[in-house]
Structure formats: structure tokens, C-alpha cells
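Asks: One structure, pasted below without further comment.
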Amino acid sequence: MITVLGSIGFDLTTISDRLPLPGETLVGTGFVSGPGGKGANQALAAKRAGAETRMVGAVGKDAFAPQALELLKSGGVDLSKVEEHDAPTGIALIFVGGTGENMIVISQGANATVTPQQASAAPLASGGHLLLQLEIPIEAVAAGIMQAQGVGAVSILNTAPFNPSAANLMMDADITVANETEFDLACEALGLEGADRKARMQAFVNRSGRTIIVTLGGDGAVAATPNGFISVPALKIKPIDTVGAGDTFCGYFGAALDSGLDLETAMRRASAAGSLACLKPGAQPAIPSKAEVDAALA
Ligand code: RIB
């Protein structure tokens with residue numbers, strides 16, 4: 001069973017030939033809206049990968065709430081631990097530019113109301129997997145990791161969006177997934193040194209005894225573990241929208257581990273799924289099915 005403790009939101013996305021400069025108004029070429037939030041995206045990805053999945057988080061009581069939960073609900077994610085609060089549902093304003101790159105500003109809304117108590121009450125079981133990100137309060141993320149440790153569940157921390165105050169949590173989570181920028185910022189926050197990224201990843205493993213995975217966009221992903229390094233490729237694709245690709249990686253990765261696959265095979269599946277998620281606009285609508293990922297890997 002995968003439990004995702006994290007954010008739920010609704011994304012409003014404009015598409016333009018390039019990203020705007022500060023103070024500039026651009027005429028866009030398109031608009032899409034749909035469910036998002038890093039936690040919810042990862043939950044849907046885990047479910048589409050075939051894992052039994054539960055979401056722990058919060059939405060508001062506004063018109064965005066049912067829209068934010070729509071695909072999780074129709075996809076069969078257990079929403080019994082999603083609370084309703086008076087704060088507005090989380091919203092993300094997203095710009096997607098010509099080559100698929102993006103800029104995102106989130107308004108946390110109800111995601112900021114997730115408490116350590118709610119996190120500690122997440123029904124985790126020994127051998128299960130807990131996925132966490134940093135769009136809810138850090139105290140709740142810390143409580144979730146402690147709860148996982150207490151029952152013998154595997155915690156997987158995705159350091160997005162990066163927050164230096166949360167860097168220490170990487171020492172406690174069983175596995176951390178960071179993109180290149182997040183990992184570089186984490187090294188600064190944790191004082192990890194080394195001539196290159198590989199050396200700094202090794203320094204992280206030496207200090208924490210944990211596994212770190214750094215996603216490299218079109219170059220795949222690399223893991224440093226107490227038993228050595230693992231590299232996997234990405235698919236050769238032309239991205240049109242990279243929003244949600246990292247979440248798809250995390251959801252597929254957690255689901256693969258939960259089904260008993262080894263770390264390298266799980267990373268390979270996650271990397272392929274993350275690549276496929278770049279081929280359609282939007283976050284959740286772009287998450288590939290298990291059959292699509294199987295076909296791409298075959
Ligand atoms: O990782 C992509 C997500 O980040 C978007 O769906 C948006 O909601 C923001 O939280």
C-alpha cells in the first residue's frame with residue numbers, strides 16, 4: 001500500500017511561445033486547467049502504476065475542491081483521510097513556455113492546514129511505502145517520516161519545492177528524490193562538499209546511511225546508495241510540458257518498490273513514466289497508464 005502525505009490543488013496553466021519576463025504581458029497560445037498539487041499528482045501516478053493508494057491531505061470547502069479531487073476519485077485513490085477546512089483549496093498558477101519549461105507559483109491554501117497530528121494518524125503498515133513532498137508544513141512532513149519509522153514503513157521524501165529548513169529531513173527519510181537544483185541547494189544547506197555531484201551524493205550517503213536519487217531531466221536519474229551508484233536513462237522524447245514529470249517519477253517509483261521490484265528496476269520504470277508525462281499538457285491528465293509505461297520499456 002502506498003500512502004501519500006502531501007498537497008492537493010488545482011492548476012491554472014497558460015501556454016505561450018516562451019516564458020514571460022518580469023513586468024511583461026504576453027499573448028498566450030493556449031490554456032488548460034486541471035487537478036494538481038505534488039502530493040495528489042504522486043498519488044495518482046502510484047495508482048495508475050497499479051498500487052493501492054491512499055491520500056492524506058486537505059482541501060477547502062470551495063468550488064475548486066471537487067475539481068481538485070476529481071481524477072483521484074475516479075482513479076480509485078482512497079480519499080478517506082482527506083480533510084475539509086475553511087481555507088481555500090490550494091491553487092497553482094503555471095506558465096508553460098515553448099520548449100516545455102515552466103514557472104509555477106502556488107497558493108498553499110488548505111494544504112497549509114495539514115498538521116503533525118493528521119500526519120501521525122496516517123494508517124501506515126510495516127512494509128508499506130509513504131511518499132512525502134514539501135508543499136505542506138514541514139512539521140507535518142517530519143511527523144509523517146517519524147510515523148513511518150515507528151511502524152517500519154519505507155519513507156520516500158521528494159524535496160520539491162525545496163526548503164532549506166527541511167534539508168535535515170533528508171537524513172531521516174529512507175530514500176530522498178531531488179532534482180539537480182534541489183540537490184545542489186540541499187548540499188549548501190547541509191554543508192555537503194565534493195568536487196562534483198557524484199562526490200556530493202557519496203558524501204550524503206556517508207553521512208546519512210540513506211539513499212539519494214537525483215533526477216536529471218532528459219538524462220534520466222542517478223542514485224547513490226550504501227551499496228553503490230545506479231544510473232538509468234530517460235526516454236528520448238521532445239517535451240511539450242514538463243509539469244508533473246517529477247511527481248510521475250516519484251509515484252511510479254514508490255509503486256514499483258511497493259510491488260517488490262528492486263531499486264534499479266523501480267528507477268527505470270519511474271524514469272520512463274516521467275518522460276511520458278512530458279508529452280501532454282497538464283499535470284494529472286499527462287500521467288501515463290501502466291500499459292503505456294510497459295509499452296515504452298518493451
Ligand atoms: O509538480 C507539479 C505541481 O506543482 C503542479 O501540479 C502544481 O500544482 C504544483 O504544485
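The values are calculated or read from the model by the stated rules, or taken from the named source; none is laboratory data. This structure is a prediction, so every number in the text was calculated from the model and none was measured. All Cβ positions, even for glycine, are placed from backbone atoms using ideal geometry, and neighbour counts span all protein chains on display. Keep in mind that these areas ignore ligands, DNA and RNA; they rest on the heavy atoms of the full protein, side chains included. Shrake-Rupley method; radii C 1.70, N 1.55, O 1.52, S 1.80 Å.
Asks: Given 295, 286, which one is more than 13 Å from the chain's Cα centre (by Cα) and within 16 Å of the ligand (Cβ to nearest atom)?
Replies: Working: 295 fails: within 16 Å of the ligand (Cβ to nearest atom).
Just a single option satisfies the conditions, and that option is 286.
Asks: Identify the residue in region 39-53 that is open to solvent by less than 10 Å² (accessible area, probe 1.4 Å) and assigned to a helix (DSSP H, G or I) and, among all such residues, is farthest from the ligand (Cβ to nearest atom).
Replies: Filtering first and then ranking leaves 46.
Asks: Inspect all residues belonging to region 79-98 and state whether any of them is surrounded by 15 or more Cβ atoms within 10 Å (Cβ to Cβ) and part of a helix (DSSP H, G or I). Walk me through it before giving the result.
Replies: To start, the set of residues in region 79-98 that are surrounded by 15 or more Cβ atoms within 10 Å (Cβ to Cβ) comprises 79, 81-82, 85, 87-92, 94-97.
Those still in the list that are part of a helix (DSSP H, G or I) too: none.
No, that holds for no residue.
Asks: Sticking with this structure for a sec: Any residue in region 107-115 that is outside any helix (DSSP H, G or I), at pLDDT below 95, of a type outside the set (D, E, K, R) and crowded, with 21+ Cβ neighbours inside 10 Å?
Replies: From region 107-115, those outside any helix (DSSP H, G or I) are 107-108, 114-115; that's our starting set.
With the extra rule that they be at pLDDT below 95, the set shrinks to none.
Looking through region 107-115, none of the residues is outside any helix (DSSP H, G or I), at pLDDT below 95, of a type outside the set (D, E, K, R) and crowded, with 21+ Cβ neighbours inside 10 Å.
Asks: Turning to a different aspect of this structure: Write out, first by first residue and then by second, each pair whose Cβ atoms fall under 6 Å of each other, whose residues are 6+ apart or on separate chains, and whose first residue, in region 271-290, is closer than 22 Å to residue 230 by Cα while the second is within 11 Å of the ligand (Cβ to nearest atom) and aliphatic (A, V, I, L, M).
Replies: 274/245
Quick grid of which residues meet (1) exposed (fewer than 14 other Cβ atoms within 10 Å of the Cβ); (2) assigned to a strand (DSSP E or B); (3) touching a residue at least 12 places away in the same chain (Cβ under 8 Å):
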{"residue": "19", "(1), (2), (3)": "no, no, yes"}
{"residue": "26", "(1), (2), (3)": "no, no, no"}
{"residue": "32", "(1), (2), (3)": "no, yes, yes"}
{"residue": "55", "(1), (2), (3)": "no, yes, yes"}
{"residue": "67", "(1), (2), (3)": "no, no, yes"}
{"residue": "71", "(1), (2), (3)": "no, no, yes"}
{"residue": "74", "(1), (2), (3)": "yes, no, no"}
{"residue": "100", "(1), (2), (3)": "no, no, yes"}
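Asks: Within region 230-283, how many residues turn out to be open to solvent by 30 Å² or more (accessible area, probe 1.4 Å), small (Gly, Ala, Ser) and away from the ligand (no atom under 15 Å from the Cβ)?
Replies: 3
Asks: May I pose another question? So residue 122 clears everything in (1) modelled with pLDDT of 95 or more; (2) farther than 26 Å from residue 218 by Cβ except one condition, right? Which one?
Replies: Going through the list (1) modelled with pLDDT of 95 or more; (2) farther than 26 Å from residue 218 by Cβ, residue 122 breaks only (1).
The rows are residues; the columns are (1) away from the ligand (no atom under 16 Å from the Cβ); (2) open to solvent by 40 Å² or more (accessible area, probe 1.4 Å); (3) out of contact with any strand residue (DSSP E or B) (no Cβ under 8 Å at 6 or more places or on another chain).
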residue	(1), (2), (3)
148	yes, no, no
155	yes, no, no
161	no, yes, no
167	yes, no, yes
172	yes, yes, no
175	yes, no, no
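Asks: Only one of these conditions is not met by residue 122: (1) part of a loop (DSSP other than H, G, I, E, B); (2) surrounded by fewer than 17 Cβ atoms within 10 Å (Cβ to Cβ); (3) small (Gly, Ala, Ser). Which number is it?
Replies: Going through (1) part of a loop (DSSP other than H, G, I, E, B); (2) surrounded by fewer than 17 Cβ atoms within 10 Å (Cβ to Cβ); (3) small (Gly, Ala, Ser) one by one, residue 122 breaks only (2).
Asks: Right, something else. Could you figure out which of (1) surrounded by 17 or more Cβ atoms within 10 Å (Cβ to Cβ); (2) free of Cβ contacts under 8 Å to residues at least 12 places away in the same chain isn't true of residue 196?
Replies: For residue 196, the exception is condition (1).
Asks: Search region 1-17 for residues being in a strand (DSSP E or B) and more than 14 Å from the ligand (Cβ to nearest atom), and hand back the single one that is surrounded by the fewest Cβ atoms within 10 Å (Cβ to Cβ).
Replies: Step one: list which residues in region 1-17 are in a strand (DSSP E or B), which gives 2-5, 9-15.
Remaining after also requiring more than 14 Å from the ligand (Cβ to nearest atom): 2-3, 5, 15.
Values: 2: 29, 3: 29, 5: 29, 15: 19.
That would be 15.
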